1. Which residues in the stretch B:72-107 place their backbone N less than 17 Å from a point set 7 Å from the Cα of A:THR132 along the Cα-to-Cβ direction?
2. Past 25 Å, Cα to Cα: identify those pairs from A:LYS67/A:LYS190; B:LYS284/B:LYS310; A:LYS39/A:LYS67, in the order given.
3. Divide by every residue of the protein assembly as shown the summed helix terms, -39500 (n - 2.57) for each DSSP H run of at least 4, and state the resulting mean residue ellipticity at 222 nm, rounded to the nearest 500 deg cm²/dmol.
4. With 10 angstrom as the radius, rank A:ARG188, B:ARG259 by how many other C-beta atoms surround their C-beta, starting from the fewest.
5. Mind running the shape call on the stretch A:116-225? Use the C-alpha gyration tensor, a ≥ b ≥ c as the square roots of the eigenvalues: rounded below 1.5 for a/c, prolate if a/b tops b/c, oblate otherwise.
6. Identify, among A:THR81, A:ILE91, A:ALA139, the residue whose Cα sits farthest towards the positive end of the charge dipole of the stretch A:72-195, taking +1 on the Cβ of Lys and Arg and -1 on the Cβ of Asp and Glu, with the dipole about the Cα centre.
7. Residues of the stretch B:262-278 with amide nitrogen under 19 Å from the 7 Å Cα-to-Cβ point of B:ASN222?
8. How much length is gained on full extension from A:MET1 to A:ILE199, taking 0.36 nm per residue of separation minus their Cα-Cα distance?
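Values in this text are rule-based calculations from the coordinates and carry no lab data. What you see is a predicted model; the values in this text were computed from it and never measured. Using ideal geometry, Cβ is built from the backbone for each residue, glycine included, and neighbour counts are taken over all protein chains shown.
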Amino acid sequence: MDASPLWISLKTAFSATFLAFILGVSAAKLMSGYRGRLKSILDGVLILPLVLPPTVVGFLLLILFGKHGPLGQLLSSLGTTVIFSWSATVIASTVVAFPLMYRTALGAFEQVDPNMLDAARTLGVPERSIFTRITIPLAWPGIVAGTILAFARALGEFGATLMLAGNIPGKTQTIPLAIFFLVESGQRDKAAVWVLIIIAISLATIVGLHFWTKRQIPAGGRPEK
Amino acid sequence: MVLAVDIERDLPGFQLRVSFTCGESTLGLLGSSGSGKSMTLRCIAGLDRPTRGRITLGKRVLFDSAAGINLPPQQRRVGFLFQNYALFPHLTVAGNIAMGLRGMERQKREKIVKEMISRVKLDGLENRYPRQLSGGQQQRVALARALVLQPEVLLLDEPFSALDNHLRSEMEQELKVLLNNFSGSSVFVTHNLEEAYRLCPNLLILEDGKVIASGSREDIFNKPPNLSTARITGCQNLSKIRVLQDNTVEALDWGCFLRITADNMLEGASYAGISSRHIRPAGKDDHVNTVHCRIFDVIESPHQVTLSVKPTGRETNNISFLKLSISNEEWRRIALQNPEELKICLPPERVFLTF
């Protein structure tokens with residue numbers, strides 16, 4: 001049996017989680033400081049990929065990155081294209097995983113007592129350092145939870161990936177795609193193996209999250225001796 | 001160094017208008033919650049931005065709306081003690097105190113932190129986290145963290161509200177010593193009038209965003225300039241009056257006439273007041289301002305008894321209660337004779353008039 005879907009899935013999920021982490025935490029930081037009138041609209045737009053059907057996300061990405069799309073034209077002027085390539089699997093997974101990262105990190109940032117930040121300001125700590133030395137450590141449990149959720153979502157991505165990256169074995173075929181096409185061609189036994197593998201990975205992720213959360217004590221800090 | 005504040009801040013439904021100066025002593029900001037005390041502190045620290053006005057510290061301008069100056073809190077050198085202390089829960093005691101000393105050489109920083117820790121008597125607790133400390137210890141960490149930067153002004157926002165009574169008086173003593181040794185101005189916010197009286201030689205009373213009284217604590221407590229101030233300073237006996245001749249007023253809410261000393265006479269005053277501690281059961285030699293009263297209610301506390309009384313023959317709803325506080329022993333003596341009625345005396349020198 002070809003093991004390539006496992007490696008493609010893991011490679012995609014890790015890359016997408018990494019990107020979603022950077023983008024999600026940055027967006028959460030910007031939004032937590034933003035008090036403008038557009039807040040709920042912006043928040044809605046950022047959450048949208050989570051609520052839309054993945055095929056709709058895939059369709060929109062296809063328009064964006066397609067031959068005539070704005071990003072597609074930009075990329076083709078640089079002599080490259082992402083559609084039906086491995087990058088497309090990463091883009092699709094990143095987009096659907098992003099809202100989970102963003103929303104969890106935003107919740108964690110908003111939980112940080114604003115008095116803490118004010119206290120740091122009166123102690124002369126520059127704004128940039130306040131973020132890295134106070135906000136991030138205090139929001140850390142939430143950020144980690146968001147990362148794990150984003151990873152799980154990226155790993156399970158199917159609809160948008162199929163739309164944007166297609167099903168090319170050895171190149172863009174992730175485990176969820178492999179399962180679908182194996183079942184479709186009547187190879188249920190092989191599909192069952194992949195089902196077990198993906199259940200194992202997902203379960204391990206969730207159990208890991210559970211243990212990690214239990215070890216955490218409120219608001220950072222180390223457990224008492 | 002003089003802290004001079006003259007600011008206005010407009011919010012929907014609330015306007016803050018505060019103006020005061022404070023030398024190298026402690027100024028108490030007293031007022032009920034929502035009166036603008038904390039907002040004033042936040043404006044001084046640079047955490048809130050006033051709509052208009054000026055804040056100066058000696059020759060340094062911290063804020064000046066006309067000149068477009070608004071120093072960030074990081075550059076103001078203003079220490080802030082938060083109501084809940086706002087200690088960083090992910091850092092140890094030493095880490096909390098060292099937060100403001102970043103960029104300093106490691107050895108020098110450790111030495112300063114160590115000195116500060118022994119100054120606030122936290123030796124041996126350097127590596128504890130805030131939640132492993134008692135309320136009093138947490139407050140010491142917060143104080144140490146603010147003082148280690150040698151601020152020019154120290155702002156204290158209801159520092160004792162998170163402590164139980166026993167710790168409260170202990171920490172108050174400690175704070176008093178620290179404030180006496182502190183070489184800058186300090187502004188102390190509280191709604192507890194006794195705390196304010198004990199810690200602050202000068203007081204500023206805020207109501208609804210406005211300064212309604214300011215001055216030495218003795219003046220404010222003994223001769224409050226207006227009715228609201230009298231209420232905030234805890235005066236429970238206040239009556240509308242009609243001023244008659246010969247230093248006499250008619251207390252309309254108590255249905256009696258009162259003599260006032262010439263010193264306390266105030267042209268155009270509309271209220272008279274007297275502290276519940278200053279009304280006493282009349283003795284044999286009391287002939288002035290004595291009133292026969294019926295006792296309506298007796299509230300016994302561990303150290304005193306508060307009586308609610310009304311002049312006899314006038315126990316109608318239009319007449320307000322007079323409250324007097326006496327010692328438990330005195331109450332026992334009175335109750336043995338007659339627990340229903342009492343002749344009280346309002347010493348003329350203790351009755352004040354106000355607007």
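1. B:99-104
2. Violating the 25 Å limit, Cα to Cα: A:LYS67/A:LYS190; A:LYS39/A:LYS67.
3. -14000 deg cm²/dmol
4. Ascending number of Cβ neighbours within 10 Å: A:ARG188, B:ARG259.
5. Oblate is the answer for the stretch A:116-225, as a/c is 1.5 or above yet b/c matches or exceeds a/b.
6. A:THR81
7. Only B:262-267, B:272-278 fall inside the zone, counting backbone N under 19 Å.
8. Contour length minus Cα-Cα distance gives 69.4 nm.
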